[in-house]
Amino acid sequence: MSAKSQGQRLPYAALSGVLAGLCHLTRPDGLLMLVTALLVSIWQPGMRSRMGWNRGLSAALILTCYVLTMFPWFLRNLNATGAALPAGGLRAIWFREYDDLFNYPNDASPRSFFSDGLETFARTRAIGMANGIGTFVAVEGVIVLAPFMLIGLWRRGRHPLLGGFWFCAVGIHLLMCLVFPLPGYRGGLFHAVSALFPFWMVLGVMGLDDVIDWIAGRRKSWNRAYTKPLYSMTVLIVGATLSFVIAERAGMSQEPSLPVAYAAMQSVLPNDARVMINDPARLYYQLGKTGVSLPNESIDAAFEIAAKYDVGYVLLENVDEDGFARAAPRKLHFDLDDPPNFLRQILLEDLPHARLYAFLHDAPKAS
């Protein structure tokens, strides 16, 4: 590779570092984009002439631009927590169930994870793999395109532009299915693979063309110029129809802009109220009120958390007729009709499926 050709690549290496930083700022798993960029700069199929200092220079430039992009966030974390990047998220590797995400304190560890041998490892990784396959077929492949995507990638896998895609696609699925399977199956993988979607769609169309060409080579009655647009449009229509039907069955189009429970809370709580709730981020977005997540701990522990963080209220949603709050973590369940003495129920009119309580921080806890 000539010096001129190498010089033309340096701006792309710098841009890759900046984009990797922006991806990491967007999502924690965006760090995988930095790993992908570094791997591509060091090794890529079909570009074996890149040797020695050329590879090292590109990798160093990518890393430098990534650090410069992330530096303000690193500095903020150092001031707030004493570490450039929080390491608590790595405990998700050792979750035994998804509700462990809300344990207080977070006590997930290899010791607790392997306390029953390999049973938990096998169960959680099986959940991750099953979800990964389902997400690939239904989400990434829009059901009908999945096999064609794989065919398109297999036939063009050595193209230089697909080197990074290989690393990223394999890395995301291994990370979310085998390393962090429980957060992965509850939405982590679903959101992470959005970065792959544009590539998959193009590869799916190419794979469909490959299959049509293969069939046409064996059946002379097939007209490529006619069948390619016909089948492409058919796949597009089927995929769009399936997506619409799935979304409609999930009730996504019927969800109100402001949940009924939130609207009811807005009328009875003070403006500066802090709420312990299933989704604090949504509460802040909808009402501008701050709060904390429902802990996967006893109601006594929840009371201690509320006192520590000056939380005045707790909302339990999706309460069924038997008084079971389905949206609450398992360990938090208590008798909603006979709450502890440090909770006082606030009635929400015409809202039987939600319970709102005020924490009475001056009330002694029952022994």
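The values are calculated or read from the model by the stated rules, or taken from the named source; none is laboratory data. Bear in mind that the values here come from a model prediction, so they are computed numbers and not experimental data. Cβ sites come from the backbone with ideal geometry, for glycine too, and all protein chains shown count toward neighbours. Calculation scope for accessible area: heavy atoms of the full protein, side chains included, ligands and nucleic acids excluded. Shrake-Rupley method; radii C 1.70, N 1.55, O 1.52, S 1.80 Å.
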**Q.** Efficiency of FRET from Cβ geometry, VAL137 and ASN341, R₀ 45 Å, rounded to 0.05
**A.** 0.30
Q. How many percent of the alpha carbon pairs in the stretch 252-367 exceed a separation of 22 Å?
A. 28 percent
Q) Which residue, chosen from PHE359, LEU336, TYR309, occupies the Cα position most advanced towards the positive end of the dipole of the stretch 307-367, where the dipole is computed from +1 (Lys, Arg) and -1 (Asp, Glu) charges on Cβ about the Cα centre? A) TYR309
Q) Where the only charges are on Cβ atoms (+1 Lys, Arg; -1 Asp, Glu), what is the dipole of the chain about its Cα centre, to the nearest 20 debye? A) 2680 debye
Q: Provide ASP272, ASP210 ordered by accessible surface of protein heavy atoms (probe 1.4 Å), highest first.
A: ASP272, ASP210
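Tell me the carbon and sulfur percent of the accessible area for the chain, rounded to whole percent, probe radius 1.4 Å.
Working: 13480 of 21270 Å².
Using a 1.4 Å probe with all protein chains present, the chain comes out at 63 percent carbon and sulfur.
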Q: Report ³J(HN,Hα) in whole Hz for each residue of the stretch 79-95, in order, from the Karplus equation J = 6.51 cos²θ - 1.76 cosθ + 1.60 where θ = phi - 60°; Gly and Pro get x.
A: 5, 8, 10, x, 9, 5, 9, x, 9, x, x, 5, 5, 4, 4, 9, 5
Q: Would you grab the residues whose amide H sits under 5 Å from the one on GLY291? Only those 5+ places off in sequence or on another chain, please, with H modelled 1.01 Å from N.
A: VAL275
Q. Computed over the Cα atoms, what is the radius of gyration of the stretch 79-130 divided by 2.2 N^0.38 Å, N being its residue count?
A. 1.32
Q: May I ask what percent, to the nearest 5, of DSSP beta bridges between residues of the chain are antiparallel?
A: 65 percent
Q. Can you give the helix-only mean residue ellipticity at 222 nm for the chain, where every DSSP H stretch with n ≥ 4 adds -39500 (n - 2.57) and the sum goes over all residues, rounded to the nearest 500 deg cm²/dmol?
A. -16500 deg cm²/dmol
Q) With the other protein chains left in place, how much accessible area per residue, in square angstrom, belongs to the chain at a 1.4 angstrom probe? A) 58 Å²
Q: Tell me which residues come under 5 Å, amide H to amide H, from VAL142 once H is placed; ignore anything under 5 positions away on its chain.
A: none
Q. Which residues' amide hydrogens lie under 5 Å from the amide hydrogen of ALA354, considering only partners 5 or more residues apart or on another chain, with H built in the peptide plane?
A. VAL319
Q | Listed values (i) 54, 51, 39; (ii) 78, 55, 46; (iii) 69, 62, 43, entry calculated as Cα extents along the principal axes in Å | A | (ii)
Q: Check each of the chymotrypsin sites (Phe, Trp or Tyr not before Pro) in the stretch 275-367 and keep only those in coil by DSSP with at most 14 other C-beta atoms within 10 angstrom; list them in order.
A: TYR309, PHE324
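Among the GluC sites (Glu not before Pro) in the stretch 278-367, which ones are in a DSSP loop with at most 10 other Cβ atoms within 10 Å of the Cβ? Mind listing them? Let's see the in-between values first.
Details: sites: GLU297, GLU304, GLU317, GLU321, GLU349; in loops: GLU297, GLU321, GLU349.
Passing sites in the stretch 278-367 are GLU321, GLU349.
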Q | Karplus 3J(HN,Hα) series, Hz, for the stretch 60-69 with 6.51 cos²θ - 1.76 cosθ + 1.60 (x for Gly, Pro) | A | 5, 5, 4, 5, 5, 5, 5, 4, 4, 5
